[in-house]
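These notes concern the structure reproduced below.
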């Protein structure tokens with residue numbers, strides 16, 4: 001039997017290496033790049049890191065070339081390039097880019113990472129909802145609508161009651177209601193799941209935009225001034241340099257996100273519930289044979305996915321922006337769906353993919369502050385370019401659950 005190997009990964013790495021060599025070395029910048037590693041509240045104060053810009057870029061590009069050569073060698077020997085090497089390549093490329101961009105400037109690393117986590121929270125919740133839904137066999141294109149509905153309801157409910165926790169609960173209920181419609185049409189009436197998801201996104205956008213324009217704008221003080229969650233510093237952990245500000249100086253919704261990631265991972269791969277979910281998503285006929293109600297399992301787990309995505313919407317209004325705005329999700333749900341695919345339907349990998357996309361989004365503001373010579377139009381495109389490269393299969397082909405997107409008709 002002939003062995004088949006793909007040159008996609010080494011070719012992609014080679015292209016990025018050439019780009020890095022051209023921009024960061026040939027068209028490199030002189031001076032010194034500074035990196036601030038600590039904040040004033042850190043228990044241990046790390047000294048600022050100063051790197052000669054051109055020399056630092058040369059060294060990093062050489063390392064990129066070595067990884068690219070390794071990828072070609074592995075592929076020529078019919079071996080798969082390990083995902084860890086691709087991740088290392090991405091980190092080094094990013095380090096070269098930041099070194100080049102921060103010439104004669106100082107980049108605050110903790111601030112960059114804090115902003116990354118903040119922008120990634122709705123992506124993570126959306127991606128986790130997408131993982132649950134697709135693992136049970138339903139393509140959840142309606143993540144955008146679930147996030148937007150959660151954001152709207154949490155803002156209004158919190159403004160009326162003055163209780164942000166009620167707003168969080170309301171956001172989860174809103175996400176569930178959107179999921180109910182997705183589940184009913186795609187599971188009971190066998191309507192194409194992608195079409196239902198797209199229609200729901202448009203429907204929720206239309207409803208929330210109408211209510212925002214006709215109700216919230218004229219009653220902002222009463223209906224669109226929610227109380228935001230305060231940041232909670234975890235003792236000792238929040239004072240660890242770099243990691244502390246990023247992970248342990250956050251709002252309660254972010255801490256709920258940590259718990260949700262763990263629960264979804266453990267639940268999917270280490271519990272009876274997860275086994276049933278994966279069985280229904282992979283082989284519903286076999287699951288039905290052993291007594292699992294396929295459609296009921298799909299219905300309730302799609303609803304659970306909506307509740308998780310709704311939490312991401314609550315973060316937008318109660319932990320980030322502080323009020324509801326028309327179309328405030330701005331495509332976040334679709335990027336979350338891309339994170340599901342890039343993460344290969346695994347909650348941990350999907351979370352890391354969401355963090356990557358959040359980082360790309362945060363670079364817009366960071367590079368503006370640094371006054372880097374990067375066109376503003378490119379910075380606006382950056383999160384979506386990263387999404388396209390990821391979903392296009394930079395790390396290889398992604399194969400989802402076998403029955404995802406396929407309605408089940410009991411024979």
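The values are calculated or read from the model by the stated rules, or taken from the named source; none is laboratory data. Not measured: the values here are computed from a predicted model. When we count neighbours, we look across all protein chains shown, and the Cβ atoms used for this are built from the backbone with ideal geometry, even at glycine.
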Worksheet, complete the sentence: Matching residues in region 66-84 (surrounded by fewer than 18 Cβ atoms within 10 Å (Cβ to Cβ) and farther than 29 Å from residue 48 by Cβ) number 13
Discussion item. Here are the criteria: (1) in a helix (DSSP H, G or I); (2) without any contact (Cβ under 8 Å) to a residue 12 or more places away in the chain. Tell me which single one residue 191 does not satisfy.
Written reply: (1)
Item to complete: Check off (1) touching a helix residue (DSSP H, G or I) at 6+ places or on another chain (Cβ under 7 Å); (2) in a helix (DSSP H, G or I) for residue 138 and give me the number that stays unchecked.
Response: (2)
Response to the item:
In the set 111, 130, the lone residue that is part of a helix (DSSP H, G or I) and buried (at least 24 other Cβ atoms within 10 Å of the Cβ) is 130
Worksheet entry | helices (runs of 4 or more DSSP H) completely within region 252-360 that count 3 or more residues being buried (at least 19 other Cβ atoms within 10 Å of the Cβ) | 252-270, 272-282, 294-315, 332-342
Discussion item. Name the residue that is farthest from residue 108 (Cα to Cα), counting only residues in region 31-48 that are touching a helix residue (DSSP H, G or I) at 6+ places or on another chain (Cβ under 7 Å) and not in a loop (DSSP other than H, G, I, E, B).
Written reply: 32
Worksheet entry | Residues satisfying the stated conditions in region 49-78, i.e. assigned to a helix (DSSP H, G or I), out of contact with any helix residue (DSSP H, G or I) (no Cβ under 7 Å at 6 or more places or on another chain) and either more than 15 Å from residue 21 (Cα to Cα) or free of Cβ contacts under 8 Å to residues at least 12 places away in the same chain (or both) | 55, 59, 62, 66, 69, 73, 74, 76
Worksheet item: Can you find a residue in region 225-234 that is in contact with a helix residue (DSSP H, G or I) (Cβ under 6 Å, 6 or more places away or on another chain), surrounded by 15 or more Cβ atoms within 10 Å (Cβ to Cβ) and in a helix (DSSP H, G or I)?
Response: no
Worksheet entry | Residue satisfying all of: in region 16-48; free of Cβ contacts under 8 Å to residues at least 12 places away in the same chain and under 28 Å from residue 385 (Cα atoms); surrounded by the fewest Cβ atoms within 10 Å (Cβ to Cβ) among these | 26
Discussion item. One residue is enough: does region 236-258 have a residue meeting the conditions free of Cβ contacts under 8 Å to residues at least 24 places away in the same chain and over 20 Å from the mean Cα position of the chain (by Cα)?
Written reply: yes
Fill in: Flag if residue 288 is assigned by TED's automatic domain parsing to the domain that holds residue 214, modelled with pLDDT under 95 and closer than 26 Å to residue 114 by Cα
no
Practice prompt. Please tell me if residue 245 is over 23 Å from residue 347 (Cα atoms) and either assigned to a helix (DSSP H, G or I) or in the same structural domain as residue 48 (by TED's automatic domain parsing) (or both).
Written response: yes
